[in-house]
There are 2 protein chains.
Amino acid sequence: MNLVSHFLAHRTVTNALVGKIEEANYDFTPTETSMSAQKLVTHMYTSYYKFIKTVKEGNGAPFLEKFDDNEQSLNQLGEDFTEKTKELLASLTKEELDREIDMTKIFGMNVTGHLMVQMAIEHEIHHKGNLFVYVREMGHTDLPLYINFK
Amino acid sequence: MNLVSHFLAHRTVTNALVGKIEEANYDFTPTETSMSAQKLVTHMYTSYYKFIKTVKEGNGAPFLEKFDDNEQSLNQLGEDFTEKTKELLASLTKEELDREIDMTKIFGMNVTGHLMVQMAIEHEIHHKGNLFVYVREMGHTDLPLYINFK
């Protein structure tokens, strides 16, 4: 599976779940100490992009960028970040993927571009797993499979 | 990362979460339509093993095997299946990983050993993401990171 297909196999499911979250539920949290639905989804969209931008630029600076503009609906945010992330993934060269990035300040180690890409998708799958429970708790029972091979 | 390290980077986190689930909470479900904690955890442990046994044997039969023996505690089940899965992963040869397996009856397509291994880990991460919410709802707030690089 190439990087873009693999990304979309999970991101299309994330976006389908987000499509079920009404604005009235943006503040929903399953427990007092959990992230709100809005915060969780924003974290997913921005993190994937930051992981991949870090690979593209070869240093950890993009990982620390803030994307706190939450004026948009989560659906709109999803469309924007999915498109930007897809383009960035498609642009990655073998050199960028093989390169070691100094992530000692953030992860305590150097990380190759390949490993950053893998961490990005696993981060998405993890939080999508959280999100499935949130969306079911919002009353939705007709939920997609966790991966979409189409 | 080799296959066993990658497996353990997530499985040790699963096992740490399972260690927080008291027997009184085995029947916990976040919603009426969710799997119980016990069912979810059993599904995680047995599924990973079935994915990898399918790669080892080169056909879909192990994927359909039943492991319904729930006499054990979830911790014990986790120890057993983690060990069995680790051994099986360590035994996989290049030929077994490169081989195409006929999974048309189950997934509607042929799948290489490599892709089955990837599906196994993504399945674990997905359900571990569910489990994090369950365990937080049981009142635990001191939870591990979703991946363990040690």
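The values are calculated or read from the model by the stated rules, or taken from the named source; none is laboratory data. All of these numbers come straight from a predicted model, not from anything done at the bench. Cβ atoms come from the backbone with ideal geometry, glycine included; neighbour counts cover every protein chain shown. Quick note on the areas: whole protein, heavy atoms, side chains included, nothing else; ligands and nucleic acids left out. Shrake-Rupley method; radii C 1.70, N 1.55, O 1.52, S 1.80 Å.
Counting residues in segment B:70-87 that are of a type outside the set (A, V, I, L, M, F, W, C), under 20 Å from B:D142 (Cα atoms) and assigned to a helix (DSSP H, G or I) gives one or more.
Based on what the data block shows, is A:M116 within 13 Å of another protein chain (Cβ to nearest Cβ), closer than 29 Å to B:D142 by Cβ and among the hydrophobic types (A, V, I, L, M, F, W, C)? Spelling it out, A:M116 is indeed within 13 Å of another protein chain (Cβ to nearest Cβ), closer than 29 Å to B:D142 by Cβ and among the hydrophobic types (A, V, I, L, M, F, W, C).
Consider segment A:135-150 and keep the residues that are farther than 16 Å from A:K20 by Cα and either at the interface with chain B (Cβ under 7 Å from one of its Cβ atoms) or under 17 Å from the mean Cα position of the chain (by Cα) (or both). The one that is least open to solvent (accessible area, probe 1.4 Å) is A:I147. On inspection, A:V55 fails the criterion of being facing chain B (nearest Cβ under 9 Å) and surrounded by 15 or more Cβ atoms within 10 Å (Cβ to Cβ). Does B:E124 satisfy being at the interface with chain A (Cβ under 10 Å from one of its Cβ atoms), in contact (Cβ under 8 Å) with a residue 40 or more places away in the chain, open to solvent by 20 Å² or more (accessible area, probe 1.4 Å) and not hydroxyl-bearing (S, T, Y)? Spelling it out, it is not the case that B:E124 is at the interface with chain A (Cβ under 10 Å from one of its Cβ atoms), in contact (Cβ under 8 Å) with a residue 40 or more places away in the chain, open to solvent by 20 Å² or more (accessible area, probe 1.4 Å) and not hydroxyl-bearing (S, T, Y). Given the criteria exposed (fewer than 12 other Cβ atoms within 10 Å of the Cβ), away from every other protein chain (no Cβ under 13 Å) and modelled with pLDDT of 95 or more, does B:E87 qualify? Yes, satisfied. One residue alone among A:F63, A:F132, A:F67 is surrounded by 18 or more Cβ atoms within 10 Å (Cβ to Cβ), more than 13 Å from every other protein chain (Cβ to nearest Cβ) and either more than 12 Å from the chain's Cα centre (by Cα) or of a type in the set (A, V, I, L, M) (or both), and that residue is A:F63. Does A:I21 satisfy being assigned to a loop (DSSP other than H, G, I, E, B), surrounded by 12 or more Cβ atoms within 10 Å (Cβ to Cβ), in contact (Cβ under 8 Å) with a residue 40 or more places away in the chain and not aromatic (F, W, Y)? When the stated conditions are applied, A:I21 passes them.
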